[in-house]
Amino acid sequence: MIEKTITCIECPKGCRITVCVDGSKISETSGYGCPRGRTYAENEIVCPRRVLTTTVRKSDGSVVPVKTDKPVKKSEIFDLMAKINKIIVDGKVSINDIIYRNITENINLIATDNK
């Protein structure tokens, strides 16, 4: 059995959560202060995900800040960045405009500023 301790980022409390992994299964989770913490810790061990924030280029040479509208698998971030780096946006962009629909797993890349 392997024990992993992580710090929860779901709320400001920053609980230190211990997850016991037996083979490929989670056998015990302790130290969480709320159900969100337990879910976060277990997901972090099984399949960590992050909201990806970056920029895309516009045809006029400026950039537009963007993010994924849902967390993506950490293991896919470099492949997504390679795809994002090829995107060039034309025209005006507004907050929450979809820059790239279904960039991965029904996750959209959206603008986070008006440009």
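Only the coordinates and a few stated rules stand behind these numbers; no lab work does. This is a predicted model, so every value here is computed, not measured.
Panel values: the chain, Kirkwood radius from alpha carbon pairs, Stokes-Einstein at 25 °C and 0.890 mPa s, translational diffusion coefficient 153 µm²/s. Amide H contacts of residue 89 (H built 1.01 Å from N, in plane; Pro and chain starts excluded): 57, 58, 59 sit under 5 Å, all sequence-distant by 5 or more or on other chains.
The Cα center of the range 89-104 and the Cα center of the range 1-75 differ in position by 25 Å.
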